[in-house]
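Data first, discussion second: the structure below is written as structure tokens.
The values are calculated or read from the model by the stated rules, or taken from the named source; none is laboratory data. Please read all numbers here as calculations on a predicted model, not as lab measurements. So basically every Cβ, Gly included, is an ideal-geometry build from the backbone, and we count neighbours across all protein chains shown.
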Amino acid sequence: MTLARFVFALILGTVALSPRAPAADDCRIDAAEFVDPALPDCGLQRAIDKAAEHRGGEVLLPAGTFRLRRGLILRDNVRLIGAGIDKTILMPARMVQRLDVAADGPDGNVVRLDEIPRQLQCGSAVVACRRYPPAWYGDPRPAVVTSIDRRAGSVALEAPYGLKEMKAGEGLLTFGVAAALERSIRKGDREIHLRSAALFRPGDELALGGPPNQSLLGQLFVKEVRGNVLLLEEPAQIDFEGWLPDEKSDEKTGEKIGNTKVNALVWALFPMLHATGVKDCFVSDLTVRGHDMQQVRPMQTRYTLAGIHIYDGRRIVLQRVAVRQWPSDGISLQAGHHAIVTECIVEDCLRNGLHPGSGLTDSSFRNNRVTGNDVGLYFCWHNRRHVVRDNQFLNNRQGGITGLGNPGDRNNVIECNRIAQNGGPGIAINGGEASGNVIRDNVIEDNSQSEPGKHPGVAIYAALEDARQYTLVGNTIRDTQAEPTQWVGIEERAGAYRGQPTVADGNVIRNNVAVGHKVADVIVTGSSTRCEANDGAKVVFRDGQR
């Protein structure tokens with residue numbers, strides 16, 4: 001066994017990676033020999049696949065910026081190793097353009113622009129925003145260009161969900177990441193018909209998705225472009241409706257008039273690294289970088305488009321990887337088991353920084369720096385036996401760690417992290433009957449930055465079901481600011497779900513240092529919750545509890 005493989009085995013906590021792994025010891029591939037910028041994957045996929053042919057091995061990526069039109073697919077027993085964070089950079093080749101509104105328009109569907117790119121044509125799809133940053137999903141809306149007056153600098157738009165008036169200096173269009181369907185797609189189709197295919201080239205990776213973020217996505221790979229028809233490398237895997245029925249009725253017959261509004265867009269967005277069912281895979285020492293999210297808003301942000309997205313992976317290691325400015329989640333690991341994410345940087349992503357997804361178990365998130373995302377780490381459904389340790393969750397727009405509890409998040413350990421200056425709560429719990437989750441030895445401070453006083457350091461909320469059997473021990477929870485924003489340290493709160501009461505009770509809050517809070521250091525609701533030895537903390541008992 002080589003030294004590299006022995007170290008890899010130590011990281012995974014096992015000596016044998018798989019029954020076929022020994023053949024990988026002799027395989028080391030220099031990806032520089034495969035690089036071809038003219039290819040949609042810059043030739044890097046060929047290096048990965050070559051290692052897979054040898055039943056695994058190391059693929060060494062050279063330093064440089066590689067602009068890809070399709071993501072790299074990870075393979076079993078292949079270790080993808082870059083030259084270092086910010087030395088090997090993978091990013092989309094496609095330019096996402098911001099087109100600013102130049103003049104107020106009397107009709108919201110006619111927009112005057114500062115410039116009209118040559119590539120923009122009738123049938124092109126755009127995403128329209130009244131202002132930046134936009135409101136939640138109600139403001140950025142898909143639209144299709146129906147006519148262009150280049151002399152006047154104006155475009156007319158068809159928007160299936162309506163389009164509010166666009167004003168100069170505020171409104172903008174995002175162009176370059178979407179196309180409109182001409183007809184619906186059926187599972188098994190080998191071609192798709194678009195209003196305009198001008199953006200696309202052979203080899204491109206695309207995603208089907210109904211805005212705004214309503215559906216699971218299906219990825220497509222373009223084999224050939226014939227006019228406005230894309231021929232696919234593989235058949236489409238899902239049905240996808242290209243039309244939204246019009247709710248108007250015929251005045252004479254009263255019958256519904258359908259098939260008049262474009263519903264779905266094809267998105268030129270994809271994970272930079274992705275795989276399904278991959279095992280014994282290692283990625284290190286590289287950067288995945290998206291576009292500046294302060295300028296454009298692609299709108300489709302489904303987690304399946306994360307910078308790194310792996311479904312049902314087994315024994316996956318991501319080490320010293322940076323994901324920056326990605327228009328979705330940074331790292332998404334859905335289902336699978338025994339993943340390790342360590343020494344990574346995830347910052348300024350539009351959605352979650354780290355996303356342990358539904359059904360992921362027995363995984364570890366350690367020594368990562370997660371800053372400036374929407375949420376630092378989001379627990380999805382049925383996350384069990386994870387260890388979240390020695391990370392920094394700082395300055396995320398919403399919570400540091402959220403979603404813990406419901407449904408089925410059990411026996412996870414969150415320890416020795418710094419969770420500070422996030423817009424929402426430090427840690428948000430939304431339920432979890434008999435959870436067995438442990439929160440210990442963390443520093444949780446100065447959170448609720450976006451709405452001072454609203455969010456506690458740790459919220460034990462029975463939002464969707466009872467919140468029980470949480471253990472909070474040895475944490476330092478405080479507000480250190482001249483103008484406090486985190487007014488409560490730890491708060492238990494009962495609630496109701498679908499008309500039925502939910503209870504926060506039976507938790508242990510012990511040996512924490514909680515200080516500096518304007519309202520209370522600890523608020524206890526449950527009659528069976530044990531709150532003790534919290535170093536002089538100001539404790540408030542609700543509902544007449546002791």
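Per-structure values
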| read-out | value |
| --- | --- |
| Residue list for the range 399-410, restricted to those being crowded, with 19+ Cβ neighbours inside 10 Å and either of a type in the set (Phe, Trp, Tyr) or not in a strand (DSSP E or B) (or both) | GLY399, GLY400, GLY405, ASN406, ASP409 |
| Within the range 487-504, tally of residues that are farther than 22 Å from ASN442 by Cα and in contact (Cβ under 8 Å) with a residue 12 or more places away in the chain | 5 |
| Total residues in the range 372-398, condition of a type in the set (S, T, N, Q), touching a residue at least 40 places away in the same chain (Cβ under 8 Å) and either surrounded by 23 or more Cβ atoms within 10 Å (Cβ to Cβ) or in contact with a Cys (Cβ under 7 Å, 6 or more places away or on another chain) (or both) | 2 |
| Residue list for the range 411-421, restricted to those being under 19 Å from VAL515 (Cβ atoms) and part of a loop (DSSP other than H, G, I, E, B) | ASN417, GLN421 |
| Boolean, ALA533 is over 33 Å from the mean Cα position of the chain (by Cα), surrounded by fewer than 17 Cβ atoms within 10 Å (Cβ to Cβ) and assigned by TED's automatic domain parsing to the domain that holds VAL443 | yes |
| Verdict on VAL229 being modelled with pLDDT of 95 or more and either in the same structural domain as VAL177 (by TED's automatic domain parsing) or surrounded by fewer than 19 Cβ atoms within 10 Å (Cβ to Cβ) (or both) | yes |
